[in-house]
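To start, the structure itself, in structure tokens.
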Amino acid sequence: MANSSDLIIGVDAGTSVIKAVAFDLAGRQIAAASVRNSYVMGADGSATQSLPQTWSDCAAALRGLGDKITGLARRTAAVALTGQGDGTWLAGADNAAVTDAWLWLDARAAPTVRRLAAGPDERARFEATGTGLNTCQQGSQLAHMDATCPEILDRAEVALHCKDWLFLNLTGTRATDPSEASFTFGDFRTRAYSDRVIAALGLTHRRHLLPDIIDGAQDTRPLTAAAAAQTGLRAARRCRLAMSIW
Amino acid sequence: MPARACSTVGSTGVHMRAVTSDAVHLNTEGTGYVICLPVPNLVTQVQTNMAATLNIDWALSLAEDLMSEVGKAPSHADMVARIDGWMARSHPGALVYHPYISEAGERGPFVNADARASLVGLNAGHRFPDVIRAVIEGLGMAARDCYAAMGDMPRELRLTGGAARSAALRRVLAAALNTPVRVSAREEAGAAGCAMMAAVAIGAYDTMDACIADWTTPLLNSPEPPDPDLVPIYDRLFTNYRHARSGLAPVWDGLAAARHAQGA
């Protein structure tokens, strides 16, 4: 069977390490490769990470897995992604990074969280998302950027989470998944964006930054030729976007 | 459907309870997360503790620091290896410990950046093993506090993270939640989870349940049931844990104000 597609690669892009793990189709772990990732803490409470470096580290982890498994490109049936949750990864023209990502560890949005949490729409926002507001979240961070550095958002075309940024680099598709979309901007019952939640965050005028939602258990996208070259995998392989875990 | 629950107890604690979306418990404090699972209409509620085994590291470091002053300190691993022995020499439910040792306070099931750890109920007879037991039981109480904010206690707890390797901690968690505990042998749970979605998406399995039967279930160790003698002891301990944490909130405010006044 070694000459057919009999492996699935799961990529777990954590805050400090990115792992690429190969499983056979029955779930047995075959091999794993990892690359240390780094982030920068600032005196102002910031915690940031480079977008291009994170993609480069992800590609390196996949190449590292290829060094451990003979014929990995030929044997790979799918690639799946998960990553650190929350945070804000902004991409602009030509899918280039607008600024370093604000991680879930970033505390700068604290004043905005206090303001929003005291607002009249907060309970309705909580009951739709099921999720308490905090500084980790992209909704809080976008609202804080809008209040303090709107020019960053003006340059952005899409607001992504970590795994979404890697999915964009692997497939060329700007998208997020139902889990982060729902607990940040939507409703867990419908798995769709909620106008009421977005309005409660004061982000109605920034809604165009939110990407389409793709359900990774149903929908797939092919790997681009450029991503195939960087990762050592083959183009046109299907690449999965999965829920995020932190 | 029985409530399926999974806790990852490492440096921090993550407590998750899977329910259908109509069964989500929206707590009055407005805390936690609800995260959609890759199964139609199934979500997981999530509550997180800022610090879990970091509390044990703190308690062990008290002893390590002292021992290094008078001689050669043991390694951290040597100290960890003694925990089961200390648990055997101490009495359950004697002390209340709140595991809010992080300088960022606590975030589940309540959010308070000024919350701090506390040890309540000491007398002159208590020794280091009693403190270690209190800290470990505090992790069980914190887990119960989180699950209580998400509805009923789970009927089975699946445990991952570094603490899953400790028989003492598994025993405390099982009794604190009055539920059997099962440890998963899956090493890379995050990568495996998203790979399972891909396995369903490419048709290797028709349903996620079929995938779970191959990828997850065979890696679960057999359930470790709660000790029936411990369960009522931890019920009482939890009542006192909650009373103490409510009562301490103004103290946390006062300590934070004092730190601020002293420029810390």
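The values are calculated or read from the model by the stated rules, or taken from the named source; none is laboratory data. As the structure is a computational prediction, the values presented were derived from the model and not from experiment. Glycine also receives a Cβ, built like all others from the backbone with ideal geometry; neighbour counts cover every protein chain displayed. We work out accessible area using only protein heavy atoms, side chains counted, and drop any ligands, DNA or RNA first. Shrake-Rupley method; radii C 1.70, N 1.55, O 1.52, S 1.80 Å.
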Problem - Reciprocal mean inverse distance between Cα atoms of the stretch B:1-41 - Kirkwood radius, Å - result: 11.8
Practice task
Work through the residues other than B:GLU103 whose Cβ is under 12 Å from its Cβ and net out their charges, Lys, Arg +1 and Asp, Glu -1.
Solution key: 0
Exercise for the section: Any chance you could run the full-extension gain for A:ALA225 through A:VAL17? It's 0.36 nm times the residue separation minus the Cα-Cα distance, nm to one decimal. Expected result: 72.3 nm
Handout entry: Cα-projected label distance for B:ASN112 with B:ALA63, points at 7 Å along beta-carbon direction, nm
Key = 2.9
Practice task
Mind giving me the FRET efficiency for A:ARG155 and A:ARG115? R0 is 25 Å, r the Cβ-Cβ distance, nearest 0.05 is fine.
Solution key: 0.55
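Give me the inter-chain shielding for A:216-222: mean count of other chain Cβ atoms within 10 Å, whole number please. Walk me through the intermediate numbers first.
Numbers: counts 6, 14, 5, 1, 3, 0, 0.
Mean inter-chain Cβ contacts per residue within 10 Å come to 4.
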Handout entry: Cα-Cα pairs of the stretch A:7-241 separated by more than 32 Å (percent)
Key = 21
Handout entry: Longest DSSP-loop-exposure-free segment, GluC sites (Glu not before Pro), chain B, at most 14 other Cβ within 10 Å
Key = B:104-186
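Taking every pair of Cα atoms in the protein assembly as shown, average 1/r, invert it to obtain the Kirkwood radius, and report Rg/Rh to two decimals.
Computed over Cα atoms, the ratio is 0.97.
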Exercise for the section: Using Cα positions and a limit of under 18 Å, work out the lysines in reach of A:LYS19, with same-chain residues fewer than 8 apart set aside. Expected result: A:LYS68, A:LYS163
Exercise for the section: Determine the shielding of peptide A:8-14 by partner chains: average, over its residues, the number of Cβ atoms on other chains within 10 angstrom of each Cβ. Expected result: 6
Handout entry: Spacing of the two label points (7 Å from each Cα toward its C-beta) at B:HIS91 and B:GLU156, in nm
Key = 3.6
Handout entry: Dimensions (Å) - chain B, Cα atoms, principal axes, largest first
Key = 63, 39, 37
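Work out the FRET efficiency for A:ALA96 and B:THR239 from their Cβ-Cβ distance, taking R0 = 45 Å, and round it to the nearest 0.05.
0.20
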Problem - chain B: most fluctuating residue of B:PRO38, B:PRO74, B:PRO154 per GNM, C-alpha cutoff 10 Å - result: B:PRO74
Exercise for the section: Work out the mean other chain Cβ neighbour count within 10 Å for the residues of A:130-137 and drop it here as an integer. Expected result: 6
Handout entry: Along each principal axis, Cα extent of the stretch A:61-112, largest first, Å
Key = 52, 26, 17
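What does the convex hull of the alpha-carbon atoms of the stretch B:118-264 project to on average, in nm²?
Across all orientations, the stretch B:118-264 yields a mean hull projection of 13.0 nm².
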Practice task
Just reorder B:TYR100, B:TYR205 by solvent-accessible area, largest first, 1.4 Å probe, all chains present.
Solution key: B:TYR205, B:TYR100
Exercise for the section: Residues in the stretch A:90-108, backbone N under 14 Å from the label point at A:SER56 (7 Å along the Cα-to-beta-carbon vector): list them, ranges by number please. Expected result: A:97
Problem - Net charge, A:ASP106 excluded, C-beta distance under 12 Å - Lys, Arg +1, Asp, Glu -1 - result: -2
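Count the net charge of all other residues whose Cβ sits under 15 Å from the Cβ of A:THR70, scoring Lys and Arg as +1 and Asp and Glu as -1.
So the environment of A:THR70 carries a net charge of +2.
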Exercise for the section: Could you order B:MET197, B:MET16 so the one with the most accessible surface comes first? Probe is 1.4 Å. Expected result: B:MET16, B:MET197
Exercise for the section: Quick one: divide the alpha-carbon radius of gyration of the stretch B:1-155 by 2.2 N^0.38 Å and tell me what you get. Expected result: 1.19
Fill in the blank from the handout: If the chain between B:SER222 and B:THR28 were fully extended at 0.36 nm per residue, the gain over the current Cα-Cα distance would be 66.2 nm
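Stretched out fully, how many nm does the piece from B:ALA77 to B:ASP253 gain, at 0.36 nm a residue minus the Cα gap?
59.8 nm
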